[in-house]
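The values are calculated or read from the model by the stated rules, or taken from the named source; none is laboratory data. All figures in this text were calculated on a predicted structure; none of them were measured in a lab. Virtual Cβ from ideal backbone geometry, glycine too; neighbours counted across all protein chains shown. Please note that ligands, DNA and RNA were not included when accessible areas were found on the heavy atoms of the full protein model with its side chains. Shrake-Rupley method; radii C 1.70, N 1.55, O 1.52, S 1.80 Å.
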Amino acid sequence: MKAIAKTIAAATLLISGSAVAGVVAPGNVQFVEAAVPVSLTGAVGDPAKGREWFANRKLGNCLACHANDDLAEEQFHGEIGPYLEGIGDTYTDAELRAIVVNSKEVFGEATIMPAFYKSEGLNRVAKEFAGKTILSAEQVEDIVAYLATLKE
């Protein structure tokens, strides 16, 4: 009887997600009312690393579309996307995570912001990038942590 109870308890924990270790796969990300409430890695990101990823022109290239005062030393801030100063006051971490993972789930299909943590159902993807995400789960969490620091 005890073995059955332990098995049921373990299954309940696994289903609820609280015992799941590791990274949430791109296809398993759960959106809840335009937010992704669960960390993709199970941990809070590093805002210093997120700042580096944000400024990296060869990774997500966030600066191609967005500007913010914190990265004033960087040249050629974009003006296509919203200005991000104060974004940490505007959105929760869960909302920021949803926007970075797949902005179309938040803003609709008309947004030009790419899905940074989606690997399937994409259009016009070069063969060498097929089935891959732009950012890793850890990089998403780091960028979310960085964006959360941008307060007015």
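Counting only residues that are under 12 Å from the mean Cα position of the chain (by Cα) and either modelled with pLDDT under 95 or within 18 Å of Glu105 (Cβ to Cβ) (or both), the range 122-152 holds 9 of them.
Consider Arg57 carefully, then state whether it is within 25 Å of Ala35 (Cβ to Cβ) and either basic (Lys, Arg) or touching a helix residue (DSSP H, G or I) at 6+ places or on another chain (Cβ under 7 Å) (or both). The answer is no for Arg57. For the residues Ala48, Ala43, the requirement of being more than 18 Å from Tyr117 (Cβ to Cβ) and open to solvent by 20 Å² or more (accessible area, probe 1.4 Å) singles out Ala48. Looking only at the range 34-78, which residues are on the phi > 0 side of the Ramachandran plot and at pLDDT below 95? Answer for the range 34-78, where residues must be on the phi > 0 side of the Ramachandran plot and at pLDDT below 95: Asn61, Phe76. As for the range 139-151, it holds at least one residue that is in contact with a Pro (Cβ under 7 Å, 6 or more places away or on another chain), closer than 18 Å to Pro47 by Cβ and of a type in the set (S, T, N, Q).
Evaluating Ser119 against the criteria (1) modelled with pLDDT under 95; (2) surrounded by 14 or more Cβ atoms within 10 Å (Cβ to Cβ); (3) farther than 18 Å from Leu59 by Cα leaves one unmet condition, (3). Checked across the range 133-149, the condition of being part of a helix (DSSP H, G or I), of a type in the set (D, E, K, R) and open to solvent by 20 Å² or more (accessible area, probe 1.4 Å) holds for at least one residue. Taking the criterion of being outside any helix (DSSP H, G or I) and either hydroxyl-bearing (Ser, Thr, Tyr) or touching a residue at least 40 places away in the same chain (Cβ under 8 Å) (or both), the residues of the range 39-50 that qualify are Ser39, Leu40, Thr41, Ala43, Val44, Gly45, Asp46. Arg124 falls short on exactly one of the conditions (1) open to solvent by 30 Å² or more (accessible area, probe 1.4 Å); (2) of a type in the set (Lys, Arg); (3) in contact with a helix residue (DSSP H, G or I) (Cβ under 8 Å, 6 or more places away or on another chain), and that condition is (3).
Of the residues making up the range 88-98, at least one is among the acidic types (Asp, Glu), within 24 Å of Val24 (Cα to Cα) and within 12 Å of the chain's Cα centre (by Cα).
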